[in-house]
1. Need pairs with beta-carbon distance below 6 Å; first residue more than 24 Å from A:LYS255 (Cα to Cα) and within segment A:61-74, second charged (D, E, K, R) and not in a strand (DSSP E or B); sequence gap 6+ or separate chains.
2. It is to be established whether one or more residues within segment B:175-185 are in the same structural domain as B:ASP106 (by TED's automatic domain parsing) and either exposed (fewer than 15 other Cβ atoms within 10 Å of the Cβ) or farther than 30 Å from B:VAL35 by Cβ (or both).
3. Among the residues of segment A:85-111, count how many are within 9 Å of chain B (Cβ to nearest Cβ), among the polar types (S, T, N, Q) and either under 23 Å from A:VAL152 (Cα atoms) or buried (at least 24 other Cβ atoms within 10 Å of the Cβ) (or both).
4. Looking only at segment B:124-153, how many residues end up being farther than 24 Å from B:ASP23 by Cα and more than 7 Å from every other protein chain (Cβ to nearest Cβ)?
5. Which ones in segment A:221-235 are within 20 Å of A:PRO201 (Cα to Cα), touching a strand residue (DSSP E or B) at 6+ places or on another chain (Cβ under 6 Å) and either surrounded by fewer than 17 Cβ atoms within 10 Å (Cβ to Cβ) or among the small types (Gly, Ala, Ser) (or both)?
6. Condition check: out of contact with any helix residue (DSSP H, G or I) (no Cβ under 9 Å at 6 or more places or on another chain) and under 18 Å from A:GLY85 (Cα atoms). Does A:LYS204 satisfy that?
7. Hey, can you tell me all the residues within segment B:51-77 that are touching a residue at least 12 places away in the same chain (Cβ under 8 Å), outside any strand (DSSP E or B) and within 14 Å of another protein chain (Cβ to nearest Cβ)?
Amino acid sequence: MTIHKIVGVEESIEGLKDGSSILIGGWGPFRKPMEIVRRIARSTIKDLTVLSFAGMDLDLLIGAGKVKTAIFGFVSFEGAPGGPGNFKRARCSGSVEMKELSEYMFIAQFKAAAERLPFYPTRSGTGTDILTINPEIRTIKDPYSDETLVAVPAFTPDYAIIHVNESDQLGNACISGDPYLDALFVRAADKVIMSTERILPVGKILENSISGSWVDRVVEAPQGAYPGDCYPDYGINQKEFKRYGDAAKDPDAFKKYLNEVVKGG
Amino acid sequence: MADYTFNEQVVCEIARSFGPDDDFVFSSTSNCGLVGGVLAKELYAPRLQLSMGARGKSAFLNHVRYPFIVGDPPERFLETLINIEEIFNLVCRGKWCILMQPVQLDRFGYMNLSMVGDIKKPSSVFVGSRGVPDNTVNAPRILYFVPAHVARVFVKKVDFVSGLGYGKERKDGTIKWGAPAKIISNLCVLDFEGETGRVRLKSIHTGVSLDRVKENTGFDLVIQDPVPETDPPTDEELHWIREIIDPAGISRLDFLKGKDFTRVLSEIMKGTGYQTIYPKKQ
């Protein structure tokens, strides 16, 4: 019996509900699954926990009123024009619960989840206010040397959502640029939604970045990371980033932007 | 002694932070750091590996000559490409040295990259602590660069601790690595007093008064008497910077904002920057 995992953008987020947790792949403005992020922004789902090395993805979902908790290793457009205005406003006002982690602590929680361990030990975070604002993160004594380490608790997201350059219908996928942490993210999550620039026949992706074992749904989405970058298929759309950044500075302007760009399309 | 500009002084101080035994990667978030890294590799620390974004990944670069756009280094400079995961491998094993620009830095070298104001309701927020908590427990050496030395940056106590300075974690031996070694600003060079861990005025750049440094620092520095003067760039360093590594003067960009930044950047991109800052070579 032949199976395939291909779904359309509309049904790609089936099962996602109020209060779900989603881990978004990519890095800042790079190779973000923006087509699916916009699909979530158009939905009626709310109170999401969003985990991301974030750029426009998290900012857009905050601006669309979808986020209850943001867990991030950073929030930055990494030199692309504009900036995360919705995130900044939400952090200053306290309207979204903000769990800032260091980059490595962000990774560590998924290393633990991917190996079904309760926590991952690290020195990262020691002595910093990352531990002050995340009081649930505890320390642990090394049973061998008595050294005190930070025990980053495992986080198993309901969904990981990533974007790749090429995939077959089974989810064997190739990422041409930096895979960032996507190969770890898919191993940490319960379900994986993957959009791809192109779908290739089975047997054509022999050197994969992500094997199909991890992938539940494959969505064909050319330009799926727009207006961000998907190396080497396309770069950042500077004009659209600037337009976004200008709109994100002001709640009313952003509402208009959402209606025109996200919901209108 | 040759005439020089303060961005050249900063570049030289960055380069002099490295030596022949330094066998690790140096990465930087500033133009002065990029130029200073190359100068270090050419003159002082040949084993240093220089890294920046390239071709949708990150790269190690060799014998770099500026200017070019970050992320798009010409082929001849590429040693190899690496992924972000490899960067974290290097960070965790203590082979990743970084020069960062703090939002705030306090009298014991604790660093803030996250927010200003109340920790629950900040008045302004930045990108987040990012890799600072990782680097300040792991790195072979941490360097800080402050292009505008003002009391808003050098505060008594940081509003949010992103990175460790010299406090109890280091004193009680919990954290062995990732100590800040040097802070380089447009006015002076700072380091740390051995016993107390307090920020010390190591040297002051030529032409800068002690009062100016004090007025622009929000805490009492450890001050030596007399205050040493920062060694000015040597003729050899200036030759390498001006004639070979950075003839267009990209290191100027770190000190400019708004229209001035745009103007100088466009000069550099047109290749005319050289004439506007240095006298033409006879």
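1. From segment A:61-74, the pairs are A:GLY73/A:GLU103; A:PHE74/B:ARG130.
2. Let us first name the residues in segment B:175-185 that are in the same structural domain as B:ASP106 (by TED's automatic domain parsing), namely B:175-185.
Then keep just the ones that are either exposed (fewer than 15 other Cβ atoms within 10 Å of the Cβ) or farther than 30 Å from B:VAL35 by Cβ (or both); that gives B:175-176.
Within segment B:175-185, one or more residues are in the same structural domain as B:ASP106 (by TED's automatic domain parsing) and either exposed (fewer than 15 other Cβ atoms within 10 Å of the Cβ) or farther than 30 Å from B:VAL35 by Cβ (or both).
3. 1
4. Matching residues across segment B:124-153 total 10.
5. Start the filter on segment A:221-235 by keeping residues that are within 20 Å of A:PRO201 (Cα to Cα), which leaves A:221-224, A:233.
Within this subset, residues satisfying the condition of being touching a strand residue (DSSP E or B) at 6+ places or on another chain (Cβ under 6 Å) are A:221-222, A:224, A:233.
A:ALA221, A:PRO222, A:GLY224 - these are the residues of segment A:221-235 that are within 20 Å of A:PRO201 (Cα to Cα), touching a strand residue (DSSP E or B) at 6+ places or on another chain (Cβ under 6 Å) and either surrounded by fewer than 17 Cβ atoms within 10 Å (Cβ to Cβ) or among the small types (Gly, Ala, Ser) (or both).
6. Values: out of contact with any helix residue (DSSP H, G or I) (no Cβ under 9 Å at 6 or more places or on another chain): yes; under 18 Å from A:GLY85 (Cα atoms): no.
Spelling it out, it is not the case that A:LYS204 is out of contact with any helix residue (DSSP H, G or I) (no Cβ under 9 Å at 6 or more places or on another chain) and under 18 Å from A:GLY85 (Cα atoms).
7. Correct list: B:ARG55, B:VAL70, B:ASP72.
Rundown of residues vs (1) touching a strand residue (DSSP E or B) at 6+ places or on another chain (Cβ under 6 Å); (2) of a type in the set (D, E, K, R); (3) in the same structural domain as B:SER251 (by TED's automatic domain parsing), yes/no style:
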{"site": "B:GLN9", "(1), (2), (3)": "no, no, yes"}
{"site": "B:CYS12", "(1), (2), (3)": "no, no, yes"}
{"site": "B:PHE18", "(1), (2), (3)": "no, no, yes"}
{"site": "B:VAL25", "(1), (2), (3)": "yes, no, yes"}
{"site": "B:SER28", "(1), (2), (3)": "yes, no, yes"}
{"site": "B:LYS57", "(1), (2), (3)": "yes, yes, yes"}
{"site": "B:TYR66", "(1), (2), (3)": "no, no, yes"}
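The values are calculated or read from the model by the stated rules, or taken from the named source; none is laboratory data. Since the model is a prediction, treat every value here as computed from it, not as a measurement. Virtual Cβ from ideal backbone geometry, glycine too; neighbours counted across all protein chains shown.
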